[in-house]
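Below is one structure, written out as structure tokens, with a few remarks after it.
The values are calculated or read from the model by the stated rules, or taken from the named source; none is laboratory data. Note that the structure is predicted; figures quoted are calculated from it, not measured. Note that each Cβ is placed from the backbone with ideal geometry, even for glycine, and that neighbours are counted across all protein chains shown.
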Amino acid sequence: MFGILLASIVLCAIFARAVLVPLITYWQDPKGLRRFPSVSCAAFTNLWGVVHQYRSTRTLAIHQAHLKLGSTVRVGPTHVSFSTFDAVKDMYGHGTPAIKDNFYGAFVSTHLNVSDAQEKAVHNVKRKRFATAFAQKNIVELETVFSRHLSQLIHLLDKTSDTTTANSGLEGVVDMKSMMLGLMYDSISVLLFGVNPGFLERGSTTTTAETIRGKLYQADIHKSLCGSLRVSTALGWAPQSIPFIKSLTSWHDEWQHGNQLRDITIHLTRKRLLAETDRTQRGLKPIDDFMSALLWDKKSQEPLCLEFGEILTEAQNLFNAAGENTEIALTNIIWLLAKSPHAVKRLREELQPAFENAGDGLALPSYHDIQHLPYLRACIDEGIRLRPSLPVGLPRLIPPGGMQISGEWFDEGTTVSVSTYTLHRDEKIFGEAADEYRPERWLDNNSIQRAFLGFSQGGRACIGRNIAYFEMSLTIATLFWRYDFELSSPDWELPTIETLSGHTGPLPVRITRRAV
């Protein structure tokens, strides 16, 4: 009898918390959000957003909601999504009082990193550490390192291309996503840890992981990241429920992916710190790489003495962002150009002088020669516009005292965001046929840059965007000057799996070396 009574009480408590409280809160409307149209049951519960995110359909669901309900849509009990240009300035622009939402707490480990720090003072300190390393004037110094990996990619693709030629095009199919993963993760591994894991050469993203207690094992960094972000991003839309849900689902494999991702970074970070210690003991200068920004004060040259946990979370954040998100952009751009022969023709015409300066054989263009080529940059920006690496609307929290977004007043504690996917398809901003890949729209039209959220905007914009443009420019220029890419059919669609990032599926293409 007591057991039945206890079960009844528990069920009643669950019903009250899951149904009655949200209904009462909705009708009380403490933040005045009932004035906005709501998608499905999102006004009552965060479950709508969590389920769509876990199914990788949240971005498209919000896009459809904006098309049906208008430019301002309620997508959570305290969350309103916008698709207007004015909201971009109010929410993300320099000087905005809005802060990063509690959503980012889903990704926090033992310490905050530059991406998930909510307080602006904390973020500014962290951002300044990387300012020198990521400054445009220092990017070109990375060219020697990156060109080495790009040359290795060309060597591998040339062998595939030679197979295609010898067999009259019957072979030579290569997965360009796998190639881009190897290229980007190898590059950032060297620039951050001073170690080349050889992903590109091996055609695999499996590497050594190390637990905090020193146990070594093998793990796949790409699989680990996708699995970890899938569950973390979904729960990020219901941050108050994370501890409860995590305790109920701790047995699930996807939580282990996050541990594997951490352990891969632990192994690489420990190797890098051992190398630094060895140089210090021998009286040599510190290693000058990205990791040095976490070890030494650039002005005083004194050690920062950060805790290992903080070094680890900053390194993991940079490792994943520079490896995965740049790969996503490159894979999407290659796919879009491969199905746009008119764009490739115009791109090659623009690239010709740069490659004439480079010479023959495996010679690569100088970044100096391609850095300011307008059509090359347009091809990159257009690809990111249509297929952003971060398709989710990046959420911001209204600060104490409230603020106005796109002409609407919001009380403190309200979450707001701009649907990047929807805004980037607004024909009033980006012109006609905004669903199509047309790099020409970026030429002589600087105004659309103000609505471009490929790297976010303002003081919280991506700190690595200069590096990303550097790597993407050299890679796209080299690939499309040297090779022809053929899809299985002109209308073949590249699949995506949305977590925090818009991961693509494999990109099989047949490549042929051009006679240049």
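Quick look at the values:
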quantity	calculated
Conditions (1) in a strand (DSSP E or B); (2) surrounded by fewer than 21 Cβ atoms within 10 Å (Cβ to Cβ): number failed by ALA433	(1)
Failed item, numbered, when ARG34 is tested on (1) in a loop (DSSP other than H, G, I, E, B); (2) out of contact with any Ser or Thr (no Cβ under 7 Å at 6 or more places or on another chain); (3) surrounded by 15 or more Cβ atoms within 10 Å (Cβ to Cβ)	(3)
Of all residues in segment 270-320 being of a type in the set (Gly, Ala, Ser) and within 17 Å of ALA133 (Cα to Cα), the one that is modelled with the lowest pLDDT	SER300
Wholly within segment 62-152, helices (runs of 4 or more DSSP H) carrying at least 1 residues that are under 21 Å from the mean Cα position of the chain (by Cα) and among the β-branched types (Val, Ile, Thr)	85-92, 136-139
Those helices (runs of 4 or more DSSP H) lying entirely in segment 205-299 with at least 1 residues hydroxyl-bearing (Ser, Thr, Tyr) and under 30 Å from ALA42 (Cβ atoms)	221-236, 242-248
In segment 452-483, residue modelled with the highest pLDDT [restricted to those that are of a type in the set (Gly, Ala, Ser), closer than 23 Å to LEU150 by Cβ and outside any helix (DSSP H, G or I)]	GLY454
Subset tally (residues that are closer than 30 Å to LYS31 by Cβ, in a loop (DSSP other than H, G, I, E, B) and not β-branched (Val, Ile, Thr)) for segment 355-410	12
Inter-residue pairs, beta-carbon under 8 Å, first within 22 Å of ALA61 (Cα to Cα) and among the aromatic types (Phe, Trp, Tyr) and in segment 420-432, second crowded, with 23+ Cβ neighbours inside 10 Å and modelled with pLDDT of 95 or more, 6+ apart	TYR421/ILE62; TYR421/PRO388; PHE430/ARG385; PHE430/HIS424
Checklist (1) of a type in the set (A, V, I, L, M); (2) in a helix (DSSP H, G or I); (3) farther than 23 Å from PHE485 by Cβ applied to ILE334, failing item	(3)
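Okay, residues lined up against (1) crowded, with 22+ Cβ neighbours inside 10 Å; (2) more than 22 Å from ALA135 (Cβ to Cβ); (3) touching a strand residue (DSSP E or B) at 6+ places or on another chain (Cβ under 7 Å):
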position: ILE448; (1), (2), (3): no, yes, no
position: GLY459; (1), (2), (3): no, no, no
position: THR475; (1), (2), (3): yes, no, no
position: GLU493; (1), (2), (3): no, yes, no
position: LEU500; (1), (2), (3): yes, yes, no
position: HIS503; (1), (2), (3): yes, yes, yes
position: THR512; (1), (2), (3): no, yes, yes
